[in-house]
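As structure tokens, the structure follows; a few thoughts come after it.
The numbers here are math on the coordinates, done by the rules we state, and not lab data. What you are looking at is a predicted structure, and each value in this text was computed from that prediction instead of being measured. Counting neighbours? That spans all protein chains shown, and the Cβs are built from the backbone with ideal geometry, glycine included.
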Amino acid sequence: MDKFEQAFNQIIEDDLKVEPRDWMPEKYRQTNIRQISQHAHSEIIGMQPEGNWLLRAPSLRSKQVLLAKIQDEAGHGLYLYSVAETLGISRQEMNEQLHNQTAKYSSIFNYPTVTWADMGAVGWLVDGAAIVNQVSLQRTSYGPYARAMVRICKEESFHQRQGYEIMCQMAFGTAAQKEMAQDALNRFWEPALMMFGPHDADSVHKGQSMAWKIKRESNDHLRQRFIDRTVPQAEYLGLTIPDKGLKFNEETGHYETSPFNWDEFWNVVNGNGPCNQERLDHHKKAHNDNRWVREAAEAYAEKTEAQVA
Amino acid sequence: MKITIENNEAKFLFRIADTSLILAQRMAELCSNAPFLEEDIAISNCSLDLFGRAEELYKIIATIEGNKFTPDDYVFRRNEREFFNIKLVEQPNEDFAWTITRQFMHDVWAKEVFTQLSSSKNEELVGLCSKVLKEIEYSLLHSRDWMYRLGLGTEESNKRTQDAIDHLLKYVEEIFNFDDLDKEYFSDCANIERVWQEEINRVFSEINIERKEIQPLSMRDFRDGFHSEHIGHLLSIMQYLPRAYPDAKWS
């Protein structure tokens, strides 16, 4: 072990942050690039299921809140791409990896948002699950990522409240609204729980990521925290969690759930979810249809720089 | 619900409020569809400003009208012929050149409009104008900068911009056919047109764009609630939920 590696190990052991100019093992760099770019892509692809309802938001207020929220997500994506860039990959490369499917994004965004109540469920459950994960990542060992998480968590908690507010409005509204709310919970509950990834026993990247403190808590641990927090919120809304096996274990103080449908999870991860193709096509179309705009901006910048010179 | 308008000042303000609203909705269509991420965020900003502006104007209108209706009633419960926006802003986002040209033409108009309204006798409106004028500075900076990039960028961007302008100019003439209501609430109608023509011609000449002669079209006036066919589609999307669930409440 050379002195660089020793220094790196010491940083990890002392719970300090690894910074862009520090030496780091190539695998540490690659793992962070994979995870951070996946997070960035999730923010960007996540704009689409919510954008699906932007033009149909039912009040001036809800429309402005939703647009501001989606704009936050674009901002998070931008911020995270910049974090990944500190590890030596360009935004263009990450974009290509997204398009050729060598990079992934959270599978939850491959589910369709079919009613307005889904805007509630996405904020409440999807952002709620994301926050549990991201709060944990505030202590991740790569400094720029940890600091990004601090900032992003503040906005995400606003997003979750926005979602829960919609759920309240729907659950306490007319019969039709309540039905939509229950239906949204039915569809998003299990996919939201699976956002935390496979069970610890089946998690591929777990060991080394925990040792390097990239990941601070296990998938199952984070998932349990989310379940314990969310079940009482559903009860307050008067909605039923779509799991007949759900029960509270007095001894452990935790809720227990039925086994998840992991076949569906892996099928969606592997590209066969309801909207995988649509999400990717949408992103490619916006990128390709506007190529001429980026070319014009570059050509204009070159011309005006030439004039200045 | 039949929305009625009693007062002249309210009638006049609907023209400005509806124009802000419809442009905001059009610009929101670009969310997740912009040429790159920074631009997506910028366009969302402009759209948010416009929605906020429309909402504030509807509040002022509601006050003038004795609070018989709420801003949401005005947005979600009126039909095509009860909207009074300029036709320019309901034109679609055929490509980014349309989006930018439409915004630029609007912004130049809006700047002079809100400048004049800041000497209104309505104090609420005057307060709003000082906020809005700052937003318009930003929006104009954004749209004008893009006009230069697109006009002078590449052969393709110049051609697309020329095409967008050729189409959108058709919807400009009506803006300056001021009626008595305009004359009552604007301090200098003629100046709105003068400022607009000067700025548009100046920018076009600098970005290698030709301003073609537009034959006056037989097109009825937006002040009487006349529209292009686009408005109905825009409204049917925007108003769907409150129309489908008339008893439901939405925050």
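Structure values in brief
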item	result
Residue pairs meeting the criteria (Cβ under 7 Å; at least 6 apart or on separate chains; first free of Cβ contacts under 8 Å to residues at least 60 places away in the same chain and at the interface with another protein chain (Cβ under 9 Å from one of its Cβ atoms), in the stretch A:30-56; second among the hydroxyl-bearing types (Ser, Thr, Tyr) and not in a helix (DSSP H, G or I))	A:Met47/B:Ser32; A:Gly51/B:Ser32
Residue in the stretch B:126-133 that is part of a helix (DSSP H, G or I), within 21 Å of B:Ile231 (Cβ to Cβ) and either touching a residue at least 12 places away in the same chain (Cβ under 8 Å) or under 16 Å from the mean Cα position of the chain (by Cα) (or both) present	no
All positions within the stretch B:47-69 that are among the hydroxyl-bearing types (Ser, Thr, Tyr) and facing chain A (nearest Cβ under 10 Å)	B:Ser47, B:Tyr58
Selection status of B:Asn93, in a loop (DSSP other than H, G, I, E, B), more than 8 Å from chain A (Cβ to nearest Cβ) and farther than 23 Å from B:Ser120 by Cβ	yes
Helices (runs of 4 or more DSSP H) wholly inside the stretch A:241-309 containing at least 1 residues that are among the aliphatic types (A, V, I, L, M) and within 10 Å of another protein chain (Cβ to nearest Cβ)	A:276-289, A:291-308
Residue within the stretch A:72-88 that is polar (S, T, N, Q), within 28 Å of A:Asp183 (Cα to Cα) and in contact (Cβ under 8 Å) with a residue 60 or more places away in the chain present	no
Single residue of B:Ala54, B:Ala62 found to be under 26 Å from B:Cys129 (Cβ atoms) and surrounded by fewer than 21 Cβ atoms within 10 Å (Cβ to Cβ)	B:Ala62
Of residues in the stretch A:7-21 being more than 15 Å from A:Met210 (Cβ to Cβ) and exposed (fewer than 15 other Cβ atoms within 10 Å of the Cβ), the one farthest from the chain's Cα centre (by Cα)	A:Ala7
Restricting the stretch A:72-119 to residues that are assigned to a helix (DSSP H, G or I) and touching a Cys at 6+ places or on another chain (Cβ under 9 Å), the residue that is farthest from the other protein chains (Cβ to nearest Cβ)	A:Asn110
Number of positions in the stretch A:57-71 that are assigned to a helix (DSSP H, G or I) and within 7 Å of another protein chain (Cβ to nearest Cβ)	9
The stretch B:152-197, residues that are hydrophobic (A, V, I, L, M, F, W, C), part of a helix (DSSP H, G or I) and either within 14 Å of chain A (Cβ to nearest Cβ) or surrounded by fewer than 19 Cβ atoms within 10 Å (Cβ to Cβ) (or both)	B:Leu152, B:Ala164, B:Leu169, B:Phe176, B:Leu181, B:Cys189, B:Ala190, B:Val195
In the stretch A:174-214, residue nearest to A:Asp14 (Cα to Cα) [restricted to those that are of a type in the set (Gly, Ala, Ser) and buried (at least 17 other Cβ atoms within 10 Å of the Cβ)]	A:Ser209
